[in-house]
Each structure stands twice: as C-alpha cells, then as structure tokens.
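One structure below.
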Amino acid sequence: MLQILAFSYSVPLSLSVVLMSGAAMWVILFVLLLLFCLAAYGRFLYKLMRRYIYHNDINVDMKAPRLVPLKWRIRWKIILAAQILNSKAVALWYGNPSAKLRLVGVTGTNGKTTIATVLFNMFRKMGHHCGLISTVCIRIDDEELPPIITTPCARELNSLMSRMLKAGCEYVFMECSSEGLAQKRINGLHFTGGIFTNLTRDHLNYHHTFAKYRNAKKSFFDLLSSRSFAIINADDENGRVMVSDCKASVKYYSIHSQADFTARLLNCDFNGMQLDINGREVHVRFFGSFNISNLLACYGAAVMLGKQPEDVLAVLSEMPRVKGRLDPILSPKGFIAFVDYAHTPDGLQKVLMAIHEVAGERGRVITVCGAGGDRDKGKRPEMAREAVGKSDHVIFTSDNPRNESQQAIFEDLLSGLDERQKEHVVCIEDRRAAIREACMMAEKGDVVLVAGKGHEEYQEIKGVTHHFSDMEVLEEIFSTAQPQ
C-alpha cells in the first residue's frame, strides 16, 4: 500500500538544508507538497482500482489490456509512478542511508529469514556492526526491535537504516517480500547484492496469478545496478528468469549441478550436517537439504562481499539455528518435537523430507498444521496432501483463522484428500489441544512437527490477537510429562 508523504517525519534536517536560503527551502517544500498530493491521489486510486477488480472479477494483466478500461489502465500507471516517487522521495528525505551501507536483500518463497539471519550473525561474528530486517525481528547490532512486517514501508525502511547508520552499522541484511516489491517500497534503496532462494505457490490472494507473483520477485533483480551482485539458486527453474534483465554480476549456487558455489552432504543427524562446500569440509548445526541450499547462499554472499572462503566456513560452523525454523525441543518421553514456520505446500514438503532423511524408519512422524484464514485458499488442499503423504498421523488445527470460519478452512484442507487418507487425519480446532494430543500420541523415537507459525507469538481469531507460542505450549506440556 502506498505510504503517504507527510511533513511530520521525525527526522532532523541536515545542517546543509538548514543553511539553505529561504527560496531554496520554499522550492523543497513545494516539491514535497506535490509529491504528497500525488501519493495521496495514488492511494485513493489504488483503493478504487482494487474494488473495481474484485467487483468485476478481472485479473489486471497489462498483457491483456482490453480486459481493463483505458481510464483504469492510465490510473494504474499513475499509481505505480506515485509508489516509486514516494519511495525515492522518502530515501532522499532521510539522506539516502542505504547508499552508505552495504545492503543485501533476500527474496524468494522460502528461506529468506534463515539466510538473512545467518548472514547477520556471521558478519557480527566477524567483528562487523550489522543491521537485520526480517520477519522474525529487527536488529540494530545488539538492539532488538519487534518486527513490523516482512518488508516495512519506505518511510520505516529508511528510518531504520538511518538509525543503523548512526549506530555504526556497515552491513544490513533484509528480506524483500513480494508484496513489498509489488508496492515499490524498496525502489529508493541502494543494494550491494541480492539473493534468490526459490519460488513456489504463495500469496496468490494478493497477486492472483503465479506469473504476477514471479514478476514481483523478478523486479527486485531488475533494480540492481552493474556494481551489485546477484546470488541465484540454479536448482530452481525460475532462477534464470529472475536475472533475465539484471545488470548485476550474477553467480549461481547449487546442490545438484555445477555452479559457482556448490555443496554436497557427507553426513547428517538431528544435531547437524557434515558438508563439502566448494571442496572444503564444514560441520553445521542445521539439517535438511533445503538448509544446505540456504547455507550455500550465505556462503556465496559472504564471498561476494569480500570474505575469504576459509574464514566464512569457520564462522558458518558456529552459527546457531534460526528461531522458529526446525526449532527442536526434546520430550522427557524420548521423542523430539520441532516448531517450524512452514506454511506453504513446498515448505511443508521440504521440512517433512528433512525429518525423514534423518529419522528414517526409526519412528513415526506426527504433524500438526493448519492454514491461515483470509489467505490463498488454493494452497490448502496441496498442503493437506503434503502433510498426509509424509506423515504417519496428521492433526489439522487452527493457524491464524482471522475472520474466516475454521470449519471452512478444515473443509478446504480435507478436500485435497481421498477417503483412505482422511483415516489418518484428526481435526482439532483449538491449537493448544491439538499440540497436546500429538504429544500424547507420540512415543520414544517419534518426531512431532508443529508447523505453520514458527517464531510467531500470537494467534489472530475474529479480529482479536491472542498471545500464543507453539514453543511455549510444548515447553509447558513437557514440563509435566513423565520421563521414560
């Protein structure tokens, strides 16, 4: 959504601006007033445009312009121009702080938080002052701030980076969401590098089509300058699409084929993996094939930022797991539970595959998951099939139902299963009760996966936000469990 320029930005004018002549100040104020009016008009048009789209069941795609009246196409162009001008004007107002930082953006469907967080921790370990803007939290070196949204608005981004610069930060690592990219929130930023993780179905409630979702991600790499670098996952078929119009220096990483950065799994258990990365061995505390890919992207980015490979691997071996991403907790009964943010079919598939890679046939896998309300309904049957296909028992429960009926969400999930598959499924609306039921079912050697919310410490039901943490619930259950 457009962010309206206002004169209430809490940013002191630089000394140079204060010393300007009165005429120059009036010119600046006049330009800002024009931008304010354009942004306000763009916001108004944006609301009208979306209302028109929904009421007339039109998917706005400029490749088929006859579906949309000319006046709306013109207004859509005005909206895009206003969004871009807003982002650039806000960056200018704050003194373009991103140009004085080494800013690396991470985009893709899954893996953004892990990569951004690991890079932040790595460069801090190497002795640098760093900033982090992610889904889980915002960090300004040692200071931790609550997250806003994955990619905040242009004003918040530039305000944060201004604070990071004043705190002495040299590097900033941030997640770039598809909605943030589509709304041009980052267009006023200067990126040193960009990373593409993967692309699978998500956020189609906003983008409507996969092509528009992909193009939103691609727009990030279109923004990179010739002085930047792009680290691309060669194992994803959309990787080369991302950089088809990219001016940056492009490097590829892969765990399946030849690339600039490659990795091979040597050994793995729930405590970590032994890897071969570009011919050098390293032990890491993560597990799962998707995490090999994530860590390889971190390695490639660190090398492109000028670090020596051996130094990068030494620090990578010390990196802790990321909160809410295959976050383990051991039960006194002898089974292990994992809390993970997986909330897409692909994410759920990769997490369950990672568990099976390590657990093998030693125990059962019991999965607790659901689907968010008021979001892409088309992915719900796919998520159900992934959960049932790779678990011994599945409990469907509430995620963030928001204003949608939980029973309707259950029906969408169950619609993806046949009668035989439904025999392995139980629906329990109360998430706390669902987690407790999974733990009661589990025995020594089993694995319980609680998926969908990960790091989140809330649950949104009927417009009310309640405190809720999957990890806290598990800790509470395990604190009263009898050891075996």
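The values are calculated or read from the model by the stated rules, or taken from the named source; none is laboratory data. The structure displayed is predicted, hence computed values, not measured ones. Glycine also receives a Cβ, built like all others from the backbone with ideal geometry; neighbour counts cover every protein chain displayed. The accessibility values were calculated without ligands, DNA or RNA, using every heavy atom of the protein model including side chains. Shrake-Rupley method; radii C 1.70, N 1.55, O 1.52, S 1.80 Å.
Given the criteria surrounded by 24 or more Cβ atoms within 10 Å (Cβ to Cβ), touching a residue at least 60 places away in the same chain (Cβ under 8 Å) and out of contact with any Leu (no Cβ under 6 Å at 6 or more places or on another chain), does Val322 qualify? Step through it out loud before you land on a result.
Numbers: surrounded by 24 or more Cβ atoms within 10 Å (Cβ to Cβ): no; touching a residue at least 60 places away in the same chain (Cβ under 8 Å): yes; out of contact with any Leu (no Cβ under 6 Å at 6 or more places or on another chain): yes.
For Val322, the condition - surrounded by 24 or more Cβ atoms within 10 Å (Cβ to Cβ), touching a residue at least 60 places away in the same chain (Cβ under 8 Å) and out of contact with any Leu (no Cβ under 6 Å at 6 or more places or on another chain) - is not met.
Hey, could you check region 425-475 for residues that are charged (D, E, K, R) and open to solvent by less than 50 Å² (accessible area, probe 1.4 Å) and say which is farthest from Ile366 (Cα to Cα)?
Looking at residues that are charged (D, E, K, R) and open to solvent by less than 50 Å² (accessible area, probe 1.4 Å), I get Glu456.
Is it the case that Leu296 is in a helix (DSSP H, G or I) and under 18 Å from the mean Cα position of the chain (by Cα)?
Here the answer is yes, as Leu296 does meet what is asked.
Filter region 204-235 down to the residues that are modelled with pLDDT under 95 and outside any helix (DSSP H, G or I), then identify the one that is most open to solvent (accessible area, probe 1.4 Å).
Here the answer is His208.
Looking only at residues in region 314-341 that are assigned to a loop (DSSP other than H, G, I, E, B) and touching a His at 6+ places or on another chain (Cβ under 9 Å), which one is farthest from Asn121 (Cα to Cα)?
Tyr341
Of everything in region 342-370 that's at pLDDT 95 or above and in a loop (DSSP other than H, G, I, E, B), which residue is least open to solvent (accessible area, probe 1.4 Å)?
Gly370
State all residues of region 102-114 that are surrounded by 24 or more Cβ atoms within 10 Å (Cβ to Cβ), closer than 21 Å to Asp222 by Cα and among the hydroxyl-bearing types (Ser, Thr, Tyr); if no residue qualifies, say none.
Thr107
Have a look at Asp376, Asp412 and point out the one that is touching a helix residue (DSSP H, G or I) at 6+ places or on another chain (Cβ under 8 Å), acidic (Asp, Glu), open to solvent by less than 40 Å² (accessible area, probe 1.4 Å) and in contact (Cβ under 8 Å) with a residue 12 or more places away in the chain.
Only one candidate passes the filter, namely Asp376.
So, Thr197, is that one within 24 Å of Thr262 (Cα to Cα), hydroxyl-bearing (Ser, Thr, Tyr), in contact (Cβ under 8 Å) with a residue 60 or more places away in the chain and open to solvent by less than 10 Å² (accessible area, probe 1.4 Å) or not?
Judged against the criteria, Thr197 is a match.
Being modelled with pLDDT of 95 or more, charged (D, E, K, R) and over 30 Å from Asp236 (Cα atoms): is that true of Glu386 here?
no
Just give me the residues in region 245-273 being part of a loop (DSSP other than H, G, I, E, B) and out of contact with any Asp or Glu (no Cβ under 9 Å at 6 or more places or on another chain), in sequence order.
Residues satisfying the conditions are Ala248, Gln258, Asp260, Phe270, Asn271.
Of all residues in region 236-255, how many are over 20 Å from the mean Cα position of the chain (by Cα), under 19 Å from Gly111 (Cα atoms) and open to solvent by 60 Å² or more (accessible area, probe 1.4 Å)?
Let us first name the residues in region 236-255 that are over 20 Å from the mean Cα position of the chain (by Cα), namely 240, 244-252, 254-255.
Narrowing further to those that are under 19 Å from Gly111 (Cα atoms): 240, 251-252, 254-255.
The next check asks that each one be open to solvent by 60 Å² or more (accessible area, probe 1.4 Å); those that pass are 240, 251.
Result for region 236-255: 2.
Hey, any hits in region 444-466 for a residue that's small (Gly, Ala, Ser), under 26 Å from Met353 (Cβ atoms) and in a strand (DSSP E or B)?
yes
All but one of (1) surrounded by fewer than 19 Cβ atoms within 10 Å (Cβ to Cβ); (2) touching a strand residue (DSSP E or B) at 6+ places or on another chain (Cβ under 7 Å) hold for Ala337; which doesn't?
(1)
What are the residues in region 411-442 that are touching a Gly at 6+ places or on another chain (Cβ under 8 Å) and under 15 Å from Ile477 (Cβ atoms), if any?
Arg431
Residues being surrounded by fewer than 23 Cβ atoms within 10 Å (Cβ to Cβ) and either aliphatic (A, V, I, L, M) or touching a strand residue (DSSP E or B) at 6+ places or on another chain (Cβ under 8 Å) (or both): count how many of those fall in region 182-192.
3
Do you know which residues across region 154-168 are touching a Leu at 6+ places or on another chain (Cβ under 9 Å) and either closer than 25 Å to Ala342 by Cα or open to solvent by 10 Å² or more (accessible area, probe 1.4 Å) (or both)?
As a first pass, look at region 154-168 and keep what is touching a Leu at 6+ places or on another chain (Cβ under 9 Å): 154-155, 157-158, 160-161, 164-165.
Hits for region 154-168 are Arg155, Leu160, Leu165.
Would you confirm whether or not region 264-276 contains a residue that is within 19 Å of Lys112 (Cβ to Cβ) and either of a type outside the set (Asp, Glu) or in contact with a Lys or Arg (Cβ under 8 Å, 6 or more places away or on another chain) (or both)?
No, region 264-276 has no match at all.
Restricting region 115-138 to residues that are open to solvent by 10 Å² or more (accessible area, probe 1.4 Å) and among the polar types (S, T, N, Q), which is modelled with the lowest pLDDT?
So, considering only residues that are open to solvent by 10 Å² or more (accessible area, probe 1.4 Å) and among the polar types (S, T, N, Q), the one modelled with the lowest pLDDT is Thr135.
Which condition does Glu281 not pass, out of (1) part of a strand (DSSP E or B); (2) under 30 Å from Leu413 (Cβ atoms); (3) open to solvent by 50 Å² or more (accessible area, probe 1.4 Å), if it passes all the others?
It fails just one condition, (2).
Step by step: first the residues of region 256-278, then only those that are of a type in the set (D, E, K, R) and surrounded by fewer than 16 Cβ atoms within 10 Å (Cβ to Cβ), then the one that is nearest to Leu316 (Cα to Cα). Which residue is that?
Out of the qualifying residues, it is Asp276.
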